[in-house]
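Working notes, structure below.
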Amino acid sequence: MPERKSVIMADLLQNVHVMEHKTAVEEERQGEAYAPFALDPNGYRKKFYIESYGCQMNFSDSEIVASILHDEGFGATRNFEEADLVLLNTCSIREKAEQTVRNRLQVFRKIKDKNPGMLVGVLGCMAERLKAKFLEEEKLVDIVVGPDAYRSLPGLIMEAETGQKSVNVLLSRDETYADISPVRLDSNGVSAFVTIMRGCNNMCTFCVVPFTRGRERSRDKESIIKECQDLFSRGFREVTLLGQNVDSYYFTDDSGENIDFAQLLAGVAEISPLLRVRFSTSHPKDITDDVLYAMAQYPNICKYIHLPVQSGNTRILNLMNRTYTREWYLSKVKRIREIMPDCGLSTDVISGFCTETEDDHQDTLSVMEQSRFDMAYMFSYSERPGTLAARRYTDDIPEEVKKRRLIEIINLQNTLSRESYKGDIGKTFEVLIEGNSKKKETDWVGRSTQNKVVVFPKNSQELNKGDYVRVLITSATSATLLGQMV
Ligand code: SAH
Ligand code: SF4
Ligand code: F3S
């Protein structure tokens with residue numbers, strides 16, 4: 001997502017551009033990003049600074065880490081130069097993501113030269129992928145912790161404080177951090193992420209996540225509901241339920257009752273009609289009619305699905321081990337639109353996967369046209385060491401071909417987005433106000449249920465972020481709707 005210097009999905013810088021994981025709201029919030037959160041560090045034993053890269057799961061994990069450190073007497077700082085502990089929560093999804101982290105470490109190296117007592121820790125997927133090798137490659141790193149080992153951070157820090165390098169990259173079959181109350185970092189006080197499951201069992205051949213995040217496991221339903229209730233009572237009005245594949249959420253509670261994702265969604269939606277519920281990510285092979293019906297039934301479950309297609313060609317999908325065909329994907333899109341004609345839809349696309357021909361690429365373009373996505377995150381294939389694709393196939397599409405295909409994909413998506421956003425002119429949407437527009441203090445910014453960013457002038461009415469308003473759309477760009485309150 002964002003190339004705002006931050007933190008959220010910084011690996012986006014990657015390809016040519018674009019909306020990659022950056023929503024216009026995030027763009028609007030630029031500038032807040034670097035700074036994790038402001039807490040008066042007085043009274044804390046030490047100060048820590050944390051930066052996150054990669055997907056929303058990583059951002060959510062940083063909030064768990066902040067909570068663990070908080071309990072250990074660490075206060076957060078927005079200024080890494082004054083930190084006793086600097087943490088980078090890293091992403092391995094594409095090579096560029098890892099490069100971004102290495103560049104960042106160079107910056108911290110300079111600070112450490114001046115302040116040798118400062119500890120540098122690497123968390124997240126790159127820590128898991130490289131393990132102790134990180135300590136050899138990057139001499140300034142003191143602590144390496146994988147995504148399932150954050151509870152051991154206090155011990156690892158103590159060890160590092162005595163001058164030893166410390167590593168814990170054990171993956172777990174059951175860690176969900178269910179009992180840890182995340183400290184909300186960089187929050188607008190309106191929307192929050194809630195992790196409902198961890199890991200992934202899917203083994204898409206291009207993907208490093210099953211290796212960095214381990215086996216799939218679902219979090220206790222009650223702890224999810226409690227966290228969402230708590231957020232609502234603190235004024236939050238939107239939760240996004242997170243998992244690599246939320247449709248395979250499955251939890252058996254103490255009474256032996258089995259809860260699937262559709263039931264979990266309904267449970268969260270029932271907390272209050274004023275609490276919006278979103279979720280990410282869905283897998284086309286797993287999203288069920290039950291989930292679609294739950295979405296249709298509860299007005300507060302947002303009508304928006306992120307459904308990564310990756311490729312529009314069945315042979316390539318098969319090589320990717322996505323376990324669906326082009327036709328299956330298109331039939332899912334049709335089903336979504338039958339049940340919810342107004343549902344927003346976005347996707348992920350990869351250009352130039354192993355053996356992809358021009359015809360295969362055309363299939364991707366045509367699946368995009370037929371699905372009429374509102375938005376897409378678009379990437380060129382980046383071979384990741386240790387993945388099934390790296391072991392089985394040759395990364396045989398030249399870089400310039402991957403890039404050219406990616407540009408064609410981006411150009412098409414820009415057209416589709418423009419059409420989709422222009423098509424909203426004249427419609428009225430319910431918008432949850434998320435804050436001031438960055439560009440103009442006198443405008444509000446929020447999103448429609450379809451996840452489109454809506455900017456509109458404040459009028460004399462007394463309103464606050466977290467309020468719902470109805471907005472008539474009067475004009476549009478390919479990423480923002482502009483309107484007037486009605
Ligand atoms: N669990 C989510 C995706 C997680 S990764 C899902 O299955 O949909 C986010 C996106 O990064 C993927 O959807 C894919 O489009 C992209 N991606 C993953 N590995 C990649 C690679 N090796 N090269 C390029 N893009 C990749
Ligand atoms: Fe990666 Fe596939 Fe799992 Fe998504 S579903 S995290 S792309 S292996
Ligand atoms: Fe990156 Fe790990 Fe997320 S590889 S995309 S941070 S699960």
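If only one of LEU140, LEU135, LEU171 is open to solvent by 40 Å² or more (accessible area, probe 1.4 Å) and either in contact (Cβ under 8 Å) with a residue 24 or more places away in the chain or under 16 Å from PHE48 (Cβ atoms) (or both), which one is it?
Details: LEU140 fails: open to solvent by 40 Å² or more (accessible area, probe 1.4 Å); LEU135 fails: open to solvent by 40 Å² or more (accessible area, probe 1.4 Å).
The unique qualifying residue is LEU171.
Among the residues of region 62-114, those that are surrounded by fewer than 19 Cβ atoms within 10 Å (Cβ to Cβ), touching a residue at least 12 places away in the same chain (Cβ under 8 Å) and among the polar types (S, T, N, Q) comprise SER67, ASN79.
Residue-by-condition table, conditions (1) more than 12 Å from ligand 3 (Cβ to nearest atom); (2) farther than 18 Å from ILE64 by Cβ; (3) among the basic types (Lys, Arg):
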residue: MET203; (1), (2), (3): yes, yes, no
residue: PRO210; (1), (2), (3): no, yes, no
residue: GLY214; (1), (2), (3): no, no, no
residue: ARG217; (1), (2), (3): yes, no, yes
residue: LYS221; (1), (2), (3): yes, yes, yes
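Between THR347, THR357, THR364, the distinction of being open to solvent by 40 Å² or more (accessible area, probe 1.4 Å) and in the same structural domain as SER382 (by TED's automatic domain parsing) belongs to THR357 only. Within region 42-67, the residues that satisfy the criterion of being in contact with a helix residue (DSSP H, G or I) (Cβ under 8 Å, 6 or more places away or on another chain), closer than 20 Å to ARG151 by Cβ and more than 16 Å from ligand 1 (Cβ to nearest atom) are PHE48, ILE50, ILE64, VAL65. Regarding region 153-164, can at least one residue be identified that is closer than 30 Å to LEU319 by Cβ and either open to solvent by 30 Å² or more (accessible area, probe 1.4 Å) or more than 16 Å from ligand 1 (Cβ to nearest atom) (or both)? Checked region 153-164: no residue is closer than 30 Å to LEU319 by Cβ and either open to solvent by 30 Å² or more (accessible area, probe 1.4 Å) or more than 16 Å from ligand 1 (Cβ to nearest atom) (or both).
Residue count for region 456-480 satisfying the condition of being touching a residue at least 60 places away in the same chain (Cβ under 8 Å) and either open to solvent by 40 Å² or more (accessible area, probe 1.4 Å) or touching a Leu at 6+ places or on another chain (Cβ under 7 Å) (or both): 2.
Taking VAL183 as the residue in question, decide whether it is more than 26 Å from ALA390 (Cβ to Cβ), crowded, with 18+ Cβ neighbours inside 10 Å, away from ligand 3 (no atom under 16 Å from the Cβ) and modelled with pLDDT under 95.
Yes: the conditions hold for VAL183.
Considering (1) of a type outside the set (Ser, Thr, Tyr); (2) open to solvent by 20 Å² or more (accessible area, probe 1.4 Å); (3) in contact (Cβ under 8 Å) with a residue 12 or more places away in the chain; (4) within 16 Å of ligand 2 (Cβ to nearest atom), the lone condition that ALA390 does not fulfil carries the number (3). Going through (1) open to solvent by less than 30 Å² (accessible area, probe 1.4 Å); (2) within 13 Å of ligand 3 (Cβ to nearest atom); (3) farther than 30 Å from LEU140 by Cβ one by one, GLN244 falls short only on (1).
Conditions (1) within 24 Å of the chain's Cα centre (by Cα); (2) within 22 Å of GLU238 (Cβ to Cβ); (3) among the hydrophobic types (A, V, I, L, M, F, W, C), marked per residue:
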position: GLU408; (1), (2), (3): no, no, no
position: ASN411; (1), (2), (3): yes, no, no
position: ASN414; (1), (2), (3): yes, no, no
position: GLU419; (1), (2), (3): no, no, no
position: GLY423; (1), (2), (3): no, no, no
position: GLY426; (1), (2), (3): no, no, no
position: VAL431; (1), (2), (3): yes, yes, yes
position: SER437; (1), (2), (3): yes, yes, no
position: GLU441; (1), (2), (3): no, no, no
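Give all pairs with beta carbons closer than 6 Å in which a residue from region 187-216 that is under 25 Å from TYR324 (Cβ atoms) and open to solvent by less than 20 Å² (accessible area, probe 1.4 Å) meets a residue that is in a strand (DSSP E or B) and within 14 Å of ligand 2 (Cβ to nearest atom); count only pairs at least 6 apart in sequence or on separate chains. Cβ pairs passing all conditions: ARG198/ARG217; GLY199/ARG217. Residues considered: PHE279, PHE261. Of these, the only one that is touching a helix residue (DSSP H, G or I) at 6+ places or on another chain (Cβ under 6 Å), of a type outside the set (D, E, K, R), buried (at least 20 other Cβ atoms within 10 Å of the Cβ) and under 13 Å from THR240 (Cβ atoms) is PHE279. Screening MET340 on (1) open to solvent by less than 10 Å² (accessible area, probe 1.4 Å); (2) within 16 Å of ligand 1 (Cβ to nearest atom) shows it passes everything except condition (2). Residues in region 187-224 that are assigned to a strand (DSSP E or B), more than 15 Å from ligand 2 (Cβ to nearest atom) and either touching a Ser or Thr at 6+ places or on another chain (Cβ under 6 Å) or under 26 Å from GLU95 (Cα atoms) (or both): 1 in all.
Test of understanding: among SER255, SER233, which residue is without any contact (Cβ under 8 Å) to a residue 40 or more places away in the chain, surrounded by fewer than 20 Cβ atoms within 10 Å (Cβ to Cβ), more than 21 Å from the chain's Cα centre (by Cα) and within 30 Å of VAL445 (Cβ to Cβ)?
SER233
Looking across region 372-396 at every residue that is part of a loop (DSSP other than H, G, I, E, B) and touching a strand residue (DSSP E or B) at 6+ places or on another chain (Cβ under 8 Å), the one that is nearest to THR347 (Cα to Cα) is identified as PHE373.
The values are calculated or read from the model by the stated rules, or taken from the named source; none is laboratory data. Fair warning: this is a prediction, and the values are worked out from it, not measured in the lab. Cβ atoms come from the backbone with ideal geometry, glycine included; neighbour counts cover every protein chain shown. SASA here: full protein model, heavy atoms, side chains in, ligands and nucleic acids out. Shrake-Rupley method; radii C 1.70, N 1.55, O 1.52, S 1.80 Å.
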